[in-house]
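This report concerns only the one structure given below.
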Amino acid sequence: MSHLTQLLSPHNLPLPDDFIEKAEHYKALLEKWNKIHNLTGAKTSAQIDQFILDAVIPVSFLPSIQKGMDIGTGAGFPGMILALALPQTHFTLVEPLSKRASFLQFVKADLGLDNVEVKACRVEQLPSEPYDFITSRAVTDTEMLLKLSAPFCTEGSLLLFYKGEKVYDEIDESLDYEIIEAKNRHYLLIKR
């Protein structure tokens, strides 16, 4: 049993049968590219496994989603991992750094992910278009994320921001929100 399998098993997440296989393949590609291009701070296999777990936990509480966007995907957290976990959802991964966007494009092609589209630009450069799900991890504060995601929200859009303990300092009480706490992570879920 792989380390990733051991990490995921206590959470009993509703994942597709090929999730572990694809996540392990993604991880191998990331480890190889990371040595040359420094794509993520996660350097060891165990650290990458933690990042994968962190990215995928929300499948335990997310409703069915048709179209998602990840603002500032980086090396694929959480957008690429969510795309592996939710193959029926179309994900647009927005990443301005060309080396990271190239990596994401390579992963998409190598794993044959028809549900992934990579946009190598800043989110502000994209035309306004409705999404029912927008996520982001470690990009900026909640207020700025709300501004960045506004052109892509419609009534009922869900925003999921991966936050630390300071999330409580960033909350506007007028928002329709919920905070789901996990080990070392606070998931801020906002309904528009």
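Quick look at the values:
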{"read-out": "Residue selected from the range 26-75 under the condition assigned to a helix (DSSP H, G or I) and among the hydroxyl-bearing types (Ser, Thr, Tyr), by the criterion surrounded by the most Cβ atoms within 10 Å (Cβ to Cβ)", "value": "TYR26"}
{"read-out": "Every residue from the range 81-107 that is in contact with an Asp or Glu (Cβ under 8 Å, 6 or more places away or on another chain) and within 18 Å of TYR131 (Cβ to Cβ)", "value": "LEU82, HIS90, PHE91, THR92, LEU93, VAL94, LEU104"}
{"read-out": "Cβ-Cβ under 9 Å pairs, at least 6 apart or on other chains, the range 89-102 side touching a residue at least 60 places away in the same chain (Cβ under 8 Å), far side among the hydrophobic types (A, V, I, L, M, F, W, C) and crowded, with 19+ Cβ neighbours inside 10 Å", "value": "LYS99/TRP33; LYS99/LEU39; ARG100/LEU39; ARG100/ALA75"}
{"read-out": "Matching residues, the range 110-126, being free of Cβ contacts under 8 Å to residues at least 24 places away in the same chain and over 24 Å from ASP54 (Cα atoms)", "value": "GLN125"}
{"read-out": "Test: residue in the range 159-174 that is under 16 Å from ASP70 (Cα atoms), of a type in the set (Phe, Trp, Tyr) and in a strand (DSSP E or B)", "value": "yes"}
{"read-out": "Criterion: in contact (Cβ under 8 Å) with a residue 24 or more places away in the chain, touching a Leu at 6+ places or on another chain (Cβ under 7 Å) and under 30 Å from LYS191 (Cα atoms) - qualifying residue of PRO58, PRO16", "value": "PRO58"}
{"read-out": "Residues within the range 1-20 that are outside any loop (DSSP other than H, G, I, E, B) and over 12 Å from PRO87 (Cα atoms), tallied", "value": "10"}
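Rundown of residues vs (1) assigned to a helix (DSSP H, G or I); (2) touching a Ser or Thr at 6+ places or on another chain (Cβ under 8 Å); (3) of a type in the set (D, E, K, R), yes/no style:
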site	(1), (2), (3)
GLN105	yes, no, no
LYS108	yes, no, yes
GLU129	no, no, yes
THR135	no, no, no
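Throughout, read-outs are computed from the coordinates displayed, never taken from laboratory work. Given the structure is predicted, the values throughout are model-derived calculations rather than measurements. Methodologically, a virtual Cβ is constructed for each residue, glycine included, from the backbone with ideal geometry; neighbour enumeration extends over all protein chains shown.
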